[in-house]
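The values are calculated or read from the model by the stated rules, or taken from the named source; none is laboratory data. Note that this is a predicted model, so its numbers are computed, not measured. A quick note on method: Cβ atoms are made from the backbone with ideal geometry, for glycine too, and the neighbour counts reach across all protein chains shown.
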Amino acid sequence: MTEQEIINPINEVERLQGMTVNERLFICGLMDEFYKALHDDNDKAKKILELLGVDKPSIVKIVS
């Protein structure tokens, strides 16, 4: 999945900020892509979380 393919569904969802990380991943259809990246490509996993608006300290905890 390209970065643009990740960005498109994120841009279609309003008010991500009020959702948990799992809710954001699910509603944007990125759950499988994220967990695959978490296993295979930490940089991509971090990028997905950044694009979802997750704060940096939380990203560090999730990806570590």
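Side notes on the structure shown:
- Of all residues in region 1-16, those satisfying the criterion of being part of a helix (DSSP H, G or I) and not aliphatic (A, V, I, L, M) are 3, 4, 5, 8, 9, 11, 12.
- When residue 13 is tested against the conditions (1) at pLDDT 95 or above; (2) surrounded by fewer than 16 Cβ atoms within 10 Å (Cβ to Cβ); (3) not hydroxyl-bearing (Ser, Thr, Tyr), the lone failure is (1).
- Residue selection: residue 59 satisfies the criterion of being β-branched (Val, Ile, Thr) and modelled with pLDDT of 95 or more.
- Restricting attention to region 17-57, the residues that are outside any loop (DSSP other than H, G, I, E, B), without any contact (Cβ under 8 Å) to a residue 40 or more places away in the chain, crowded, with 16+ Cβ neighbours inside 10 Å and not acidic (Asp, Glu) add up to 10.
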